[in-house]
Amino acid sequence: MSDTPAVSVNHLTKVFKGTLVKGAFRAVHDLSLTVKAGEVYGIIGPNGSGKSTTMKVILGLLKPTEGDTSIFGVPSSEVASRHSVGFLPENPYFYKHLTGRETLHFYGSLCGMRGAKLKERASEMLELTGLEDAASRRVGGYSKGMLQRLGLAQALIHEPRLLVLDEPTAGVDPAGSRKIRDLIIEFRSRGITVLVTSHLLEQMQEVCDRVGIMAHGRMVREGRLEDLIAVENQTEMVLENASPELLAKIDALVKAESGGTKILRSGHPRTTLERLFLEATNEAKKS
Amino acid sequence: MSNATNSSIAEKQPRVRFSPQRVWTLAMATVTQLVRMKILAFLVVFCLLAVGAGFAFSVINPEQQLNLLKSVTLGALQIFSIVIGVVSTALLLPKDMEDRTLYTILSKPVPRFDYLLGKLLGVLLLIGGGLIVMDAVLSLILWLRESMVFEDVVTRMRLEKMDTPEAVAQVREIVARQGLTWNLHWAVWAIFLKAAVVTTVSLLLSCIASSTLFTIIMTFCITIIGHGHALIREFFFQPHLSSAASRVAALLLAAICPDLAQFDIVDSVVNGEIVPWAAVYDITGIAALYVTVYLFVTHLLFVEKEL
């Protein structure tokens with residue numbers, strides 16, 4: 001893998017011009033970040049924190065007021081930078097009069113793909129995203145989750161090395177959301193770099209190698225996920241089939257220890273509501 | 001990292017140049033979209049109108065009968081082509097932005113000019129295709145009507161014992177002049193050229209405007225003003241008629257609006273006048289110039305547009 005960063009953002013500032021009624025708005029302020037090739041990088045932050053604006057500048061859809069961005073070393077202002085990138089916007093819509101397969105052929109043609117290669121690649125993408133059965137249906141009849149998966153398929157059609165995903169699971173049910181998450185993990189295993197934003201922090205935690213937290217247009221925290229979320233002065237131990245006697249022994253051992261060591265809590269770990277939902281719906285499907 | 005450093009480590013990427021294939025892909029997607037929106041339903045309306053104008057009236061004299069057919073159908077063609085051009089164009093670009101389809105297209109290696117040209121070409125292909133079909137229908141009806149009218153008139157003359165060879169020859173000449181000639185196709189070509197210019201104006205306005213309605217209304221205003229271009233010029237060149245401010249305003253209007261009266265050869269065709277080749281070349285050149293200039297300005301605006 002090359003040393004060139006997949007995405008490089010250097011001192012990016014984006015100010016939207018004001019109108020007579022409203023003043024100018026600074027959406028991003030002196031933002032710098034680097035996404036290494038092959039990693040999954042998550043940008044998280046509340047609404048209006050500048051995540052989508054940053055992505056649009058990276059993709060060349062917006063011009064930076066100050067600073068610069070590049071994709072695999074090619075400035076975002078150059079159309080050539082988009083050879084390497086696939087983009088899934090938040091809540092994407094496609095030409096609803098085209099079928100799923102026609103949509104992929106359309107996007108593939110825009111990238112210069114033709115003939116048998118394009119047809120093969122479109123079929124491969126439909127299979128990857130689980131849309132083969134809906135390939136001949138018009139996109140106007142697709143559910144939100146299907147649109148999102150079609151969005152992923154179009155983003156991948158030209159075999160990009162970088163995927164930019166803006167809220168990929170927004171409005172998708174937990175099963176669809178899980179499918180998208182699994183796909184992101186698969187992309188990473190294929191060596192595709194992923195830059196993703198999401199409000200769903202638990203999902204980000206599962207897929208991201210590194211995250212950046214944005215607020216008010218600035219990067220407030222950035223680093224490896226394990227480093228960021230680890231509570232340095234606490235240790236977690238999960239036991240299976242532990243008897244009450246063993247737990248009492250451990251408790252006694254800890255109490256006997258000097259230096260302020262104490263057990264903060266103990267009990268049965270809880271599954272997440274999402275996991276419970278997926279297990280329950282899968283059981284219902286099997287029965 | 002500076003731009004200089006970036007470029008030194010930049011990986012080799014092929015330069016993205018203008019691609020006719022890419023433009024064609026965008027154009028065909030636009031055509032498919034518009035066709036599946038059943039926008040060509042107006043073809044059926046036109047055919048009914050043509051049949052009605054051709055056979056519903058039992059008229060007066062052969063000249064008037066064929067005149068009426070051409071006048072009604074060519075008038076309908078003008079209105080349909082301009083309305084379809086303006087409405088389709090005004091809807092397409094803002095809708096692509098609203099639905100974020102534009103993001104997925106422009107985040108591919110697609111230069112903005114290719115996108116604009118593809119959209120324009122798609123609408124023009126649709127209008128052109130529709131006009132070819134309607135021209136064929138009109139030609140067929142005119143050809144049928146021409147022979148029927150000639151037979152009717154000659155039969156009437158025979159009954160009135162006025163069918164001298166000179167009189168029959170004169171009727172044949174009138175019917176031939178008012179019937180199906182190449183002039184009819186030139187009129188349809190002029191209608192296409194006018195629609196192409198108006199469509200490009202609509203594309204330009206849709207890049208500036210924030211609403212579809214504004215684009216449609218403004219384009220129709222410019223279309224109306226464009227038909228009175230000669231009046232504006234006259235106003236400008238007669239200083240004694242107005243103040244300097246009015247003249248500057250007139251100059252601005254004349255510069256912004258296309259002179260659409262240049263394409264008005266329909267009346268001549270309806271009256272059976274012959275359209276010279278030179279006139280056809282002229283209007284084609286003028287339309288090409290207008291489309292190029294408006295498209296260039298549209299590109300300058302669109303390339304700077306924040307999406």
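What follows draws every value from the coordinates through simple rules; no lab data is involved. Just so we're clear, the structure is a prediction, and the values are computed from it rather than from any experiment. Note: ideal-geometry Cβ built from the backbone for every residue, glycine included; neighbour counts use all protein chains shown.
Take the Cα of A:Glu232, step 7 Å toward its Cβ, do the same at A:Ser136, and the gap between the two points is 6.3 nm.
Legend: distances between Cα atoms for A:Lys51/A:Lys144; A:Lys14/A:Lys144; A:Lys17/B:Lys108; A:Lys56/A:Lys96; pairs beyond 29 Å are A:Lys14/A:Lys144.
Net charge of the neighbourhood of B:Leu106, taken over other residues with C-beta under 9 Å away and scored Lys/Arg +1, Asp/Glu -1, is +3. Rounded to the nearest 20 debye, the dipole magnitude of the protein assembly as shown is 360 debye, with +1 charges on Lys and Arg beta carbons, -1 on Asp and Glu beta carbons, and the Cα centre as origin. Ordering B:Glu63, A:Glu186 by the number of other Cβ atoms within 10 Å of each residue's own Cβ, fewest first, gives A:Glu186, B:Glu63. Which angle from 0 to 90°, rounded to the nearest 10, does the C-alpha axis of helix B:212-227 make with the longest principal axis of chain B? The angle comes out near 50 degrees.
Which one, A:Ile44, A:Thr99, A:Gln234, is farthest towards the positive end of the dipole of chain A when Lys and Arg carry +1 and Asp and Glu -1 on their Cβ? Projecting each Cα onto the dipole axis, the largest value belongs to A:Thr99. Calculated mean residue ellipticity, 222 nm, chain B: -26500 deg cm²/dmol, from DSSP H runs (n ≥ 4) at -39500 (n - 2.57) each, averaged per residue and rounded to 500. Shown in residue order for region B:254-259 are the 3J(HN,Hα) couplings computed by the Karplus curve 6.51 cos²θ - 1.76 cosθ + 1.60 at θ = phi - 60°: 5, 6, 7, 8, x, 7 Hz (x for Gly and Pro).
Taking Lys and Arg as +1 and Asp and Glu as -1, the other residues whose beta-carbon sits under 12 Å from that of A:Arg190 total 0.
When DSSP beta bridges are restricted to pairs lying wholly in region A:7-229, around 55% turn out antiparallel.
Taking the longest Cα principal axis of chain B as reference, the axis of helix B:62-98 is set at about 10 degrees. Near the amide H of A:Val40, within less than 5 Å, lie the amide hydrogens of A:Val194, A:Asp209, A:Arg210, all on another chain or at least 5 residues away, with H placed in the peptide plane. Taking every alpha-carbon pair under 8 Å whose residues sit at least 6 apart, region A:7-229 reaches a relative contact order of 28 percent. Once you reduce region B:189-232 and region B:101-154 to the center of their Cα atoms, the two points are 18 Å from each other. Each residue in B:His185, B:His240 was given a count of other beta-carbon atoms within 10 angstrom of its own, and listing them fewest first yields B:His240, B:His185.
Only bridges with both residues in the protein assembly as shown count here: give the DSSP antiparallel percent, nearest 5. The antiparallel proportion sits near 55 percent.
The phi torsions of region B:285-297, fed into the Karplus equation with coefficients 6.51, -1.76 and 1.60 and a -60° offset, translate into couplings of x, 4, 4, 4, 5, 4, 4, 5, 5, 5, 5, 5, 5 Hz, rounded to whole numbers, with Gly and Pro shown as x.
Using only the Cα atoms of chain A, build the gyration tensor, take square roots of its eigenvalues as a ≥ b ≥ c, and label the shape rounded, prolate or oblate: rounded if a/c is under 1.5, else prolate if a/b is larger than b/c, else oblate. Oblate. Taking amide H positions as modeled 1.01 Å from N, with prolines and chain starts lacking one, the residues under 5 Å from A:Arg218 and 5 or more places away or on another chain are A:His29. Charges were assigned to the Cβ only: +1 to each Lys and Arg, -1 to each Asp and Glu. The resulting dipole of region A:7-229 about its Cα centre is roughly 640 debye. Projecting the Cα positions of A:Tyr142, B:Ala195, A:Leu200 onto the charge dipole of the protein assembly as shown (unit charges on Cβ atoms of Lys, Arg, Asp and Glu, taken about the Cα centre) puts A:Leu200 furthest along the positive direction. Farthest toward the positive end of the dipole of the protein assembly as shown, out of A:Gly73, B:Val72, B:Phe220, is the Cα of A:Gly73, where the dipole comes from beta carbon charges about the Cα centre.
When each of B:Phe80, B:Phe113, B:Phe18 is scored by the number of other beta-carbon atoms lying within 10 Å, the sequence from fewest to most is B:Phe18, B:Phe113, B:Phe80. Between the amide H of A:Ser76 and those of A:Thr69, A:Ser70, A:Ile71, distances stay under 5 Å, these residues lying 5 or more places away or on another chain, with hydrogens modeled in the peptide plane.
Listed values for region A:82-94 are Karplus-derived 3J(HN,Hα) couplings in whole Hz (6.51 cos²θ - 1.76 cosθ + 1.60, θ = phi - 60°), namely 7, 5, 9, 10, x, 10, 10, x, 5, 6, x, 10, 10, and x replaces Gly and Pro.
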